[in-house]
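Enquirer: The structure that follows is given in the form of structure tokens.
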């Protein structure tokens, strides 16, 4: 999951809730500045940052719409005065071939899944690395982010070899 937060408190509360809902977090990235767009600034404020988290237990791909609905509820619960979000949570999944994000925003490259949730093909794996597509968000194109996803892919491949469990 990708977490864009307006402050440490919102991040901490979000991580705590996600762990309660989805199980133990086995990885949390360092902080990435979120400065490629001001899309969230009016609602969440300036100086936003992003962290990526993964969970110990693998979650079956068909659960992505349900998980996106759940994270939308978490965003609402953690909202500040006037219902303004303090955290944006984008769940997704990484597999050996690609990275998919769950979104409520439909677009030509986003197939509909169910319950108002779409799949956003964000990165594809080719020539020993994840690669962005023409519609990939600018921050997901960054070398540090692609490097992180390559690292997570290696860990995922190891987990698969060891017979990681899904819930």
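What follows is calculated from the coordinates using simple rules that are stated; it is not laboratory data. Since this is a predicted model, take the numbers as computed values, not measurements. Counting neighbours? That spans all protein chains shown, and the Cβs are built from the backbone with ideal geometry, glycine included.
Enquirer: How long, wide and thick is the range 72-167, going by the Cα atoms along their three principal axes, in whole angstroms, largest first?
Expert: That works out to 46, 33, 28 Å along the principal axes.
Enquirer: Sort 128, 105, 68 so the one with the fewest other Cβ atoms within 10 Å of its own Cβ comes first. Spell out each step's value before the answer.
Expert: Numbers: 128 6, 105 9, 68 25.
With the fewest neighbours first, 128, 105, 68 line up as 128, 105, 68.
Enquirer: Could I ask something else about it? When the helices in the chain are scored as -39500 (n - 2.57) per DSSP H run of 4 or longer and the sum is shared across all residues, what 222 nm value do you end up with, to the nearest 500 deg cm²/dmol?
Expert: The helix-only estimate for the chain comes to -10000 deg cm²/dmol at 222 nm.
Enquirer: Going by Cα centres, the range 56-115 and the range 23-55 are how many Å apart?
Expert: 14
Enquirer: A follow-up question, please. Calculate how steeply helix 64-77 sits against the longest principal axis of the alpha-carbon atoms of the chain, using the helix alpha-carbon long axis, and give the answer as 0 to 90 degrees to the nearest 10.
Expert: 20
Enquirer: Now, a different point. For residue 59 and residue 79, what does the FRET efficiency come to when R0 = 30 Å and r is the distance between their Cβ atoms, rounded to the nearest 0.05?
Expert: E(calc), rounded to 0.05, equals 0.75.
Enquirer: What relative contact order, as a whole-number percentage, does the range 2-161 give when Cα pairs under 8 Å and 6 or more residues apart are counted?
Expert: Relative CO of the range 2-161 lands at 19 percent.
Enquirer: Test of understanding: ordering 22, 32 by Cβ neighbours within 10 Å, fewest first, what list do you get?
Expert: Fewest-to-most Cβ neighbours within 10 Å comes out as 32, 22.
Enquirer: Spin-label point model (7 Å from Cα, Cβ direction): what's the residue 21 to residue 8 distance in nm?
Expert: Here the answer is 2.5 nm between the modelled labels.
Enquirer: Another one. Quick check: the angle from helix 143-161's long axis to the longest principal axis of the chain, C-alpha only, nearest 10 degrees?
Expert: 50
Enquirer: From Cα pairs below 8 angstrom and at least 6 apart in sequence, can you work out the relative contact order of the range 24-69, rounded to a whole percent?
Expert: Numbers: 41 pairs, mean separation 22.1, N = 46.
Rounded, it is 48 percent for the range 24-69.
Enquirer: Averaged across orientations, what area in nm² does the convex hull of the alpha carbons in the chain project?
Expert: 9.6
Enquirer: Something else: Residue separation times 0.36 nm, minus the C-alpha to C-alpha distance between residue 43 and residue 96: what's the value? Intermediate values should be presented prior to the final figure.
Expert: Values: separation 53, 0.36 × 53 = 19.08 nm, distance 3.50 nm.
The residue 43-residue 96 span can extend by a further 15.6 nm.
Enquirer: Roughly speaking, what is the stretch gain from residue 31 to residue 69, that is 0.36 nm per residue apart minus the C-alpha to C-alpha distance, in nm to one decimal?
Expert: Contour length minus the Cα-Cα distance gives 11.2 nm.
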